[in-house]
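Take a look at the structure below.
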Amino acid sequence: MTIIFDGLASGMLLFLISVGLSVTLGLMNFVNLAHGSFAMLGGYVCALMLSRYGLPFLLAVPLAALVAALAGVLLERLLYRRLYAASPLDQVLFSIGLNFMAISAAHYFFGAQQQPMVLPEFLRGQLHFSGLDVGIYRLFLITVGLTLALCLQWLLAKTRFGAQLRAAVDNPRAARGLGINVERIFTLAFALGSALAGMGGALGIEILGLDPGFPVKYIVYFLIVVAVGGSGNIKGSLIAALLLGLCDVAGKYYLPQIGAFVIYVVMVVMLIARPQGLFNRKLLS
Amino acid sequence: MSTQLKPAELDPLRRAADWQRWEYAFWLLPLAAYFIFPKSLSLLSQIAITALFALSLDLILGYAGIVSLGQAAFFGLGAYAAGLMAAHGMGDPTLGLLVAALIAGCGGFISSFLVLRGTDLTRLMVTLGVAMMLYEAANKLTELTGGVDGLQGIEVKPLLGYFNFDLYGKTAYWYSVVVLFALFFLARRIVHSPFGLSLQGIRQNVGRMPAIGAPVHGRLVAVYTLSAAYAGVAGALLTQTTQFVSLDVLAFSRSAELLLMLVLGGAGCLYGALIGTAVFMTAHHFLSNMNPQYWQFWLGALLVLIVLFARDGVIGLLVRLRGWLRKSA
Amino acid sequence: MRHLNKSIVVAALGLATAWAAQAADLKIGLVLPMTGPFAAYGKQIQNGIKLYLAQNGDTIAGRKVQIILKDDAPGTAGDVSKRLAQELVIQDNVDILAGFGLTPSAFAVAPIANEAKKPMVVMNAATSAVTTKSNYIVRTSMTLPQITAPVATWAAKNKIKTVFTVVADYGPGHDAEGQFKKTFSAAGGEIVGEVRVPVKNPDFAPYLQKVKDTKPDAVFLFVPAGEMGIAFMKGFQERGLAQAGIKLIATGDLTDEDVIDSIGEPALGVINSFHYAQAHKSAENQAFTAAYSKAYPNDRPNFMAVGGYDGMRLIAETLKKTGGNADADKFIEAAKGLKWISPRGPVSIDPVTRDIVQNVYIRRVEKVGNQLQNIEFDQVNDVRDPGKP
């Protein structure tokens, strides 16, 4: 039973760090492989606030998201905007170039070693029920993840912003014709994706660690979740992440000999079965 | 009504297949490099080998439109095939190349069925998944492959029974360049053949192709297998010229950097693969020498600038330059 | 006038002789991972090297030392390391090759040392077989079996009867697992479970759960220095394995000074065996750590820094013996049997294997002041590498 809980928590962490990419890739059709760098930025902001300024954890995480969002806005206005019409391959080249710069900068400012991270007291330890040990931080992650998924779904489906975004993505010209400021919507969407990345990075430090190599270490995982879930699909990303987390953890527990392969096998099987992703309609299901 | 194209309509295609003057000049460069940079032959050999690897990606990406982040799988298969042969007494280089091409080609054939359908993202992840699984497999079989520490005991016999692989890398250089040229020549013929043209058709409009009688799946399987064989040969060359196989040949970073180099040079034109590789590896080399700790920053900046100002890679830039020169002439 | 002419001639001759007698620079080519996943290794090793030169002057046996550094990122790609070594030998004409953060790098470069006849000083790579790849290789770091065997012996002698081994699933992990099992079983212990964890593993939950369910006396852990160790230790504490009576024993990679601060409280009480601790009590270490902390206030001195430091010390002592002659055969002859007191303790170079012979200490992690330190409480003297065939 504990393994199931652990698998769900692992999946939830995957969701948290990947959902931002689902937003930028799916909603804006921009192959932003520098997603990991925004996550790393959030992570370093959080770690810095905690260690150097003694900020409480629950304040540091939103701050990390905010800083990542601001960085997103800045970069979108200066650079990303010029490449919306570029080929996906050029976008890949660009975002990997950004990754290189971010990794090197992190190395320069923070050093190559792991960042220390100490959780606040109330998030440490385990709760014990009969037959089930529940890690408190993992429970926290699951709660945050579910809340976030619900909020995002509501934002995109039930608010005006969401409607405008969907319109701008489906048909920018018509949207402009209706008076929707497409450029501003895109900037906001990009900021949202970056904020999600930053938050994921901050929340992930406790389990994934944080060093300048973070973007390249975990890029494969972001891509797996987005590909399997269907880009632009919040519900799809959630289900895909949970599924992958469960299979990964259960696989490693019951079949440790092939533990490393499980996540790739599951991914390939799911992609062959449903090449368009789990739910192949964008944004909502 | 005749459905045959009149000869005149085929002229542009025929002309494209002829060798241009600048192409002859281009292939004089490796020759010149031997005399101009005698002390950098190991770097130049590795550029040639990586260029062959990039060529393999161009065949599927630039021509057939299959996006792949898993070419390292076939590179690694070829590298280990040649390495294991040499480590078990069968160290003849040319035999190693053939076996590597065969084994990597088989690998390509088997996995080609996974990339036949799906979006770009799907193909990207499936190819990546296959490569990662192969990496983990090679890691697990440490007794066979040497694992992270690398495959040792590789004894490569002299090339053609006569040329030893020396410290300066002279034999390695000529070996790599000759193999590169031979396979390039072959690839060039293929992309200008009807088969090659049908690949471009598939890339541009896959729905239309069956309507004009081109078997899409068959073509994709064929080009994927061929590209895998090319990658395998590149891997074997690396093993034979360095007498070592690291697990790193199967790493994700090899596939990712390869994609970078091809896009940098410009996909879809074969020369883009060669130029992109040369530019990327040379830049990496110089920046790393200047600043061993932070060269990555400058390389990233270079990539960003190139994308902002030179769409479609270096080839795209050269094409626009030529157009601009023609207009002002 | 004649006097002046004569003095000019004498002066000219004097200058010429001095110029001829001034020996050629000593060029040392360093192959280290300075970027990529093992950037921390390269930095620490380079720090150790620079510290030695800062403390002892940059002239060895009358020759000025010139360090040429090349980044062989990712560090695990033998073809890159080999090419860089070739360039160092052909273009830069180095006298000595040094560095080598990881084993594949050393394996790939060994043939270059052989062909070009250059001494090769391995400052970090830890697989036993490295020194067998060339007669010109000397090592100043350690080998995995060398530091694993002592903790197995200690465990068997200290009421630990059953052990579950958890190692990273790669070459060095397999070596550590093998050595531990061999030594522990020979001393009467029982291995009740073993698992190999994928190196790309973000989450230890399933493995920790398995250990908890099996209830051994102790779990032996070997993972590469870095986030894997941190994740395991945090998980170990979070899951309450210590409360369940399970001890954690490991090699010192786990509690390396470079990462121990990132682990924090969960590291307290971990028993491990290693060849160097920042808290090692000796005059040499006191001087070393004080100078290191002054020169590099953001880093803590660790075993890699000592590997680099001692590597330079070896080069200096050897060249003093050969009178500045860095010819490979003479260098290796002089290096064999060399003894000195390193910050880690007394060390020597085995004359047969050219590998390092050193003390291995059993330590426990404790808090000293406001820093976590590995405090030595037992030791095995002059351990030779048990992993040599």
- [ ] Search the stretch A:87-115 for residues being part of a loop (DSSP other than H, G, I, E, B) and either at the interface with chain B (Cβ under 7 Å from one of its Cβ atoms) or surrounded by fewer than 18 Cβ atoms within 10 Å (Cβ to Cβ) (or both), and hand back the single one that is modelled with the lowest pLDDT.
- [x] A:Ser87
Task: Members of the stretch A:243-255 that are surrounded by fewer than 20 Cβ atoms within 10 Å (Cβ to Cβ) and at the interface with chain C (Cβ under 8 Å from one of its Cβ atoms) - done: A:Ala250
Open item on the list: Quick check on my filter: what residues within the stretch B:238-252 are at the interface with chain C (Cβ under 7 Å from one of its Cβ atoms) and farther than 13 Å from B:Thr50 by Cα?
Closed with: B:Thr242, B:Gln243, B:Phe244, B:Ser246, B:Leu247, B:Asp248
- [ ] Those residues that are closer than 14 Å to C:Asp95 by Cα and either in a loop (DSSP other than H, G, I, E, B) or of a type outside the set (A, V, I, L, M, F, W, C) (or both), I need them from the stretch C:303-321; list them, please.
- [x] C:Thr318
Open item on the list: Condition first: at the interface with chain A (Cβ under 10 Å from one of its Cβ atoms) and in contact with a strand residue (DSSP E or B) (Cβ under 8 Å, 6 or more places away or on another chain). Can you find one or more residues in the stretch B:285-306 that meet it?
Closed with: yes
- [ ] Determine if the stretch C:58-71 includes at least one residue that is surrounded by fewer than 23 Cβ atoms within 10 Å (Cβ to Cβ) and among the hydroxyl-bearing types (Ser, Thr, Tyr).
- [x] yes
TODO: Among the helices (runs of 4 or more DSSP H) lying completely within the stretch C:162-274, list those that include at least 3 residues that are modelled with pLDDT of 90 or more, more than 9 Å from chain A (Cβ to nearest Cβ) and more than 28 Å from A:Cys247 (Cβ to Cβ).
DONE: C:171-186
Open item on the list: Condition first: over 15 Å from B:Phe244 (Cα atoms), surrounded by fewer than 24 Cβ atoms within 10 Å (Cβ to Cβ), within 14 Å of chain A (Cβ to nearest Cβ) and more than 22 Å from the chain's Cα centre (by Cα). Can you find one or more residues in the stretch B:96-115 that meet it?
Closed with: no
Task: the stretch B:177-189 - residue that is buried (at least 17 other Cβ atoms within 10 Å of the Cβ) and aliphatic (A, V, I, L, M) and, of those, farthest from B:Gln46 (Cα to Cα) - done: B:Ala187
Open item on the list: I'm told A:Gln257 meets every condition in (1) free of Cβ contacts under 8 Å to residues at least 24 places away in the same chain; (2) outside any helix (DSSP H, G or I) except one. Can you identify the failing condition by its number?
Closed with: (2)
Open item on the list: Only one of A:Val134, A:Val118 is aliphatic (A, V, I, L, M), in contact with a Gly (Cβ under 8 Å, 6 or more places away or on another chain) and outside any helix (DSSP H, G or I). Can you tell me which?
Closed with: A:Val118
- [ ] Pick out, from the stretch C:1-110, the helices (runs of 4 or more DSSP H) lying fully within it that include 1 or more residues that are modelled with pLDDT of 90 or more and small (Gly, Ala, Ser).
- [x] C:39-56, C:78-90
Open item on the list: So, in the stretch A:28-43, exactly how many residues are buried (at least 24 other Cβ atoms within 10 Å of the Cβ) and part of a helix (DSSP H, G or I)?
Closed with: 9
Open item on the list: Just to be sure before I move on: is B:Ala131 in a helix (DSSP H, G or I), under 23 Å from the mean Cα position of the chain (by Cα), within 12 Å of chain C (Cβ to nearest Cβ) and of a type outside the set (Phe, Trp, Tyr) in the structure I sent?
Closed with: no
TODO: Please work out if A:Ala240 is more than 8 Å from every other protein chain (Cβ to nearest Cβ), in a helix (DSSP H, G or I), surrounded by 24 or more Cβ atoms within 10 Å (Cβ to Cβ) and out of contact with any Lys or Arg (no Cβ under 8 Å at 6 or more places or on another chain).
DONE: yes
- [ ] Output the residue which, of all residues in the stretch B:134-178 that are away from chain C (no Cβ under 14 Å) and touching a strand residue (DSSP E or B) at 6+ places or on another chain (Cβ under 9 Å), is nearest to B:Met90 (Cα to Cα).
- [x] B:Tyr175
- [ ] Answer yes or no as to whether A:Tyr80 is surrounded by fewer than 16 Cβ atoms within 10 Å (Cβ to Cβ) and within 22 Å of the chain's Cα centre (by Cα).
- [x] no
TODO: Enumerate the helices (runs of 4 or more DSSP H) found wholly within the stretch B:1-120, keeping only those where 1 or more residues are polar (S, T, N, Q).
DONE: B:41-58, B:93-112
Open item on the list: I'd like the full set of residues that are under 14 Å from A:Gly26 (Cβ atoms) and modelled with pLDDT of 90 or more, limited to the stretch A:238-285.
Closed with: A:Leu238, A:Ala240
- [ ] For B:Trp298, work out the one condition from (1) over 18 Å from B:Ile47 (Cβ atoms); (2) in contact with a Gly (Cβ under 9 Å, 6 or more places away or on another chain); (3) surrounded by fewer than 20 Cβ atoms within 10 Å (Cβ to Cβ) it doesn't fulfil.
- [x] (2)
- [ ] Taking the residues in the stretch B:307-329 that are within 14 Å of another protein chain (Cβ to nearest Cβ) and in contact with a Gly (Cβ under 9 Å, 6 or more places away or on another chain) as candidates, determine which candidate is surrounded by the fewest Cβ atoms within 10 Å (Cβ to Cβ).
- [x] B:Leu317
Task: Odd one out for A:Val262, checked against (1) within 17 Å of A:Leu8 (Cα to Cα); (2) in contact (Cβ under 8 Å) with a residue 40 or more places away in the chain - done: (2)
Open item on the list: Given the criteria surrounded by fewer than 24 Cβ atoms within 10 Å (Cβ to Cβ) and closer than 30 Å to A:Gly135 by Cα, does A:Ala71 qualify?
Closed with: no
- [ ] Evaluate the stretch A:219-230: report whether one residue or more is at the interface with another protein chain (Cβ under 8 Å from one of its Cβ atoms), of a type outside the set (Val, Ile, Thr) and either touching a strand residue (DSSP E or B) at 6+ places or on another chain (Cβ under 6 Å) or within 30 Å of C:Lys43 (Cα to Cα) (or both).
- [x] yes
Open item on the list: Filter the stretch B:92-129 down to the residues that are under 11 Å from B:Phe74 (Cα atoms) and β-branched (Val, Ile, Thr) and list them by number.
Closed with: B:Ile103, B:Thr127
Open item on the list: Return the pair list, or none, for Cβ contacts closer than 9 Å from residues in the stretch B:260-282 that are more than 12 Å from chain A (Cβ to nearest Cβ) and under 12 Å from B:Leu59 (Cα atoms) to residues that are assigned to a helix (DSSP H, G or I) and charged (D, E, K, R), at least 6 apart or on different chains.
Closed with: B:Cys269/B:Asp58; B:Leu270/B:Asp58; B:Leu270/B:Arg188; B:Tyr271/B:Glu23; B:Ala273/B:Asp58
- [ ] Kindly provide the set of residues from the stretch A:168-210 that are crowded, with 24+ Cβ neighbours inside 10 Å and not in a helix (DSSP H, G or I), ordered by number.
- [x] A:Gly209, A:Leu210
- [ ] Give the number of residues within the stretch C:275-313 that are surrounded by 24 or more Cβ atoms within 10 Å (Cβ to Cβ), more than 14 Å from chain A (Cβ to nearest Cβ) and among the aliphatic types (A, V, I, L, M).
- [x] 3
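The values are calculated or read from the model by the stated rules, or taken from the named source; none is laboratory data. Bear in mind that the values here come from a model prediction, so they are computed numbers and not experimental data. Note that we place each Cβ from the backbone using ideal geometry, even for glycine, and neighbour counts take in every protein chain shown.
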